[in-house]
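S.K.: Sharing a structure with you now.
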């Protein structure tokens with residue numbers, strides 16, 4: 001898949017049904033470590049569903065039924081006995097709309113570590129600082145840590161949500177259209193942030209925006225009607241796609 | 001005859017304004033009338049002394065204590081049970097046959113006349129379990145009576161917490177219980193508190209249910225097993241027995257002021273709740 005062939009997450013014959021609806025069909029995908037993988041495709045093609053499989057957020061939906069395998073560092077996370085809490089600490093998620101808790105900046109970022117048992121105020125402060133540094137918020141917010149998170153701009157809120165996730169030290173960041181509620185300038189900033197984060201984290205992003213996929217991602221996967229049509233290095237997908245459907249979508253003939 | 005749109009608009013506003021004015025007018029009249037006739041008789045003596053000769057003279061101190069004991073006990077018992085039930089119904093179960101039945105049952109219970117609860121409390125707690133006419137019987141009966149309200153208001157408050165907060169919390173590797181404790185309850189607390197305060201108000205103003213369970217003894221209760229008369233019941237007995245109306249109105253005035261205070265508290269909580277959920 002990539003130059004050195006390393007794989008962080010691999011799905012094998014992944015199928016998902018919502019009741020009678022077959023949402024994912026035999027998806028085989030590989031996500032390389034410490035790179036940005038984007039999943040593109042028209043609305044309803046299953047990209048968000050696929051993303052939410054990777055930390056088993058679909059389990060929260062009663063009617064979802066999953067078969068196949070999802071290997072995280074070679075271990076199947078769909079196997080019985082997988083501890084959901086430790087899985088989700090390793091594979092965290094950023095949502096479409098910035099959704100900070102209605103608490104202070106500090107309480108938002110320290111929420112995860114605190115619930116996981118870190119109660120020492122000084123260590124928490126250290127975690128909050130490095131998590132805010134990781135998203136470039138520290139300089140702006142270091143004197144406003146007690147400010148209510150909802151008073152921040154949308155871009156800052158989304159960065160804060162990423163900080164909140166980074167604070168629990170995940171390995172993989174799943175991002176579900178993280179810029180769709182942001183203006184173009186804020187989108188540019190968050191894209192730069194993603195590229196920075198990719199030095200330390202494996203990132204999978206779902207996006208509607210093909211230019212975004214082309215700009216930020218190392219690997220691109222194209223989905224259509226629940227199937228993974230094609231995936232590979234971003235430049236190959238966008239310059240010389242192997243499949244006709246991919247080419248049609250990328251050139252804007254449908255979607 | 002056909003009204004022009006502008007005229008029908010004016011007519012509608014006029015009708016609605018009249019209705020609103022009538023409602024508020026009647027309410028204000030009742031409250032002001034009782035306060036006007038009662039407040040002049042509310043003195044420190046009245047609040048701090050025990051009644052004499054069936055309430056003709058003296059004050060209402062034992063009734064204040066009794067009211068606080070009976071309603072406080074009712075809410076202290078029903079609040080944890082009700083909130084726990086609401087959490088279970090909203091966070092731990094999917095909508096199904098069983099939860100529908102539980103909700104339907106709660107709604108039915110909420111509509112049952114309080115005298116029926118009184119009768120049940122009398123038969124079950126006072127006689128059946130041998131608690132007699134006591135604060136304990138009265139408190140347990142009130143707990144049953146307000147339980148459905150607490151369940152339903154808590155459920156509403158919990159449901160109003162955005163789903164995304166839960167997803168974030170799960171996404172950070174928190175368990176369901178941690179999520180409930182640190183995210184859901186934290187956000188829903190003002191709403192739950194409002195329901196509890198309103199239930200407390202209902203307990204304080206209850207007459208029929210406590211008459212049959214807490215009894216109407218006028219002495220200062222010494223333990224939970226003593227019978228005790230609440231303010232609302234005291235007012236009822238004074239008014240019914242033709243004892244001095246001044247004392248009855250004074251009791252009513254105290255009740256109304258207490259309820260006003262409680263409702264203001266509930267309103268304040270509600271406002272905070274909505275400010276947060278914006």
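Every read-out reported here was derived from the displayed coordinates using simple, explicitly stated rules and does not represent laboratory data. These figures come from a predicted structure and were not determined experimentally. Cβ coordinates were reconstructed from backbone atoms using ideal geometry, including for glycine residues, and neighbour counts include every protein chain displayed.
S.K.: Identify which of B:67, B:23, B:43 has the largest mean-square fluctuation in a Gaussian network model of chain B, with springs joining Cα atoms closer than 10 Å.
M.R.: B:23
S.K.: For the range B:129-230, calculate the relative contact order in percent as a whole number, restricting contacts to Cα pairs under 8 Å that are 6 or more residues apart. Intermediate values should be presented prior to the final figure.
M.R.: Working: 104 pairs, mean separation 47.4, N = 102.
Relative CO of the range B:129-230 lands at 46 percent.
S.K.: Calculate the FRET efficiency for residue B:47 and residue A:123 from the Cβ-Cβ distance with a Förster distance of 60 Å, rounded to the nearest 0.05.
M.R.: Details: r = 53 Å, r/R0 = 0.89.
Result of the calculation: an efficiency of 0.65.
S.K.: Rounded to the nearest 500, what is the 222 nm mean residue ellipticity of chain B from helices alone, with -39500 (n - 2.57) per DSSP H run of 4+ residues and division by all residues?
M.R.: -23000 deg cm²/dmol
S.K.: With everything on Cα atoms, drop me the angle between helix A:121-134 and the longest principal axis of chain A, reported from 0 to 90° to the nearest 10.
M.R.: Approximately 50 degrees, to the nearest ten.
S.K.: Using only atoms on other chains, find how many Cβ atoms lie within 10 Å of each Cβ of peptide A:97-104 and report the average.
M.R.: Details: counts 2, 1, 6, 3, 9, 10, 3, 0.
Counting Cβ atoms of other protein chains within 10 Å of each residue's Cβ and averaging gives 4.
S.K.: Can you give the mean number of other chain Cβ atoms that lie within 10 Å of the Cβ atoms in peptide A:78-90?
M.R.: So the per-residue partner count for this stretch is 2.
S.K.: Where does each of B:210, B:34, A:27 land when they are ranked from fewest to most other beta-carbon atoms within 10 angstrom? List each step's numbers first, then the result.
M.R.: Values: B:210 34, B:34 19, A:27 23.
In order of increasing Cβ crowding within 10 Å: B:34, A:27, B:210.
S.K.: Considering only DSSP beta bridges whose two residues both sit in the protein assembly as shown, what percent are antiparallel, to the nearest 5?
M.R.: About 60 percent, rounded to the nearest 5.
S.K.: Taking only C-alpha pairs under 8 Å that are 6+ residues apart, what is the relative contact order of chain A in percent?
M.R.: Reported as a whole number, the value is 28 percent.
S.K.: For residue B:39, project a label point 7 Å along Cα to C-beta. Then give me every residue of the range B:217-261 with its amide nitrogen under 12 Å of that point.
M.R.: What the label zone holds, given the 12 Å backbone N cut-off, is B:253-254, B:257.
S.K.: Tell me, in nm to one decimal, what length is gained between residue A:183 and residue A:17 on full extension, where the rule is 0.36 nm per residue of separation less the Cα-Cα distance?
M.R.: 56.3 nm
S.K.: Testing the spin-label approximation: label points 7 Å from Cα along Cα→Cβ at residue A:90 and residue A:253. State their distance in nm.
M.R.: 4.2
S.K.: Looking only at other chains, what is the average number of their beta-carbon atoms within 10 angstrom of each beta-carbon in A:110-119?
M.R.: Mean shielding count: 3.
S.K.: Rg/Rh for the protein assembly as shown: what does it come to with C-alpha atoms and Rh from Kirkwood?
M.R.: Value, to two decimals: 1.13.
S.K.: May I pose another question? Give me A:138, B:177 ranked fewest to most by other Cβ atoms within 10 Å of their Cβ, as a rough exposure proxy.
M.R.: Numbers: A:138 16, B:177 11.
So the ranking, lowest neighbour count to highest, is B:177, A:138.
S.K.: Moving on to the next point. Can you tell me how much longer the chain between residue A:142 and residue A:211 gets when fully stretched, taken as 0.36 nm per residue apart minus their C-alpha distance, in nm with one decimal?
M.R.: Here the segment from residue A:142 to residue A:211 would lengthen by 21.5 nm.
S.K.: Quick one: Debye curve from the C-alpha atoms of the range B:137-278, no solvent, what's log10 I(q)/I(0) at q = 0.10 Å⁻¹?
M.R.: -0.49
S.K.: Hey, another quick one. What angle, in degrees between 0 and 90 and rounded to the nearest 10, separates the Cα long axis of helix A:105-115 from the longest principal axis of the Cα atoms of chain A?
M.R.: 70
S.K.: How high is the FRET efficiency between residue B:267 and residue B:224 when r is their beta carbon distance and R₀ equals 22 Å, given to the nearest 0.05?
M.R.: Working: r = 32 Å, r/R0 = 1.45.
Working from the Cβ atoms, E equals 0.10.
S.K.: Right, another one. For the peptides B:36-42, B:243-249, what is the packing order when you average, over each peptide's residues, the other Cβ atoms within 10 Å and list the highest mean first?
M.R.: Result, highest mean Cβ count within 10 Å first: B:243-249, B:36-42.
S.K.: Okay, next question. Let me know the Rg and Dmax you get for chain B when you use only its Cα atoms, in Å.
M.R.: 22.6, 72
S.K.: I need the calculated FRET efficiency for the pair residue A:60 and residue A:227, taking r as the beta carbon distance and R₀ as 25 Å, to the nearest 0.05.
M.R.: Efficiency computed from Cβ-Cβ geometry: 0.55.
S.K.: A further question on this structure: Just need the relative contact order of the range A:1-62 here, percent rounded to a whole number, with Cα pairs under 8 Å and 6+ apart.
M.R.: Taking the mean separation of contacting Cα pairs over the length of the range A:1-62, I get 27 percent.
S.K.: Then there's this: Counting only helical runs of four or more DSSP H residues, what would the 222 nm mean residue ellipticity of chain A come to if each run contributes -39,500 (n - 2.57) and the total is spread over all its residues?
M.R.: Rounded to the nearest 500, the figure is -10000 deg cm²/dmol.
S.K.: What is the Cα convex hull volume of the range A:9-250 when expressed per residue in Å³?
M.R.: Considering the Cα atoms of the range A:9-250, their hull volume per residue is 124 Å³.
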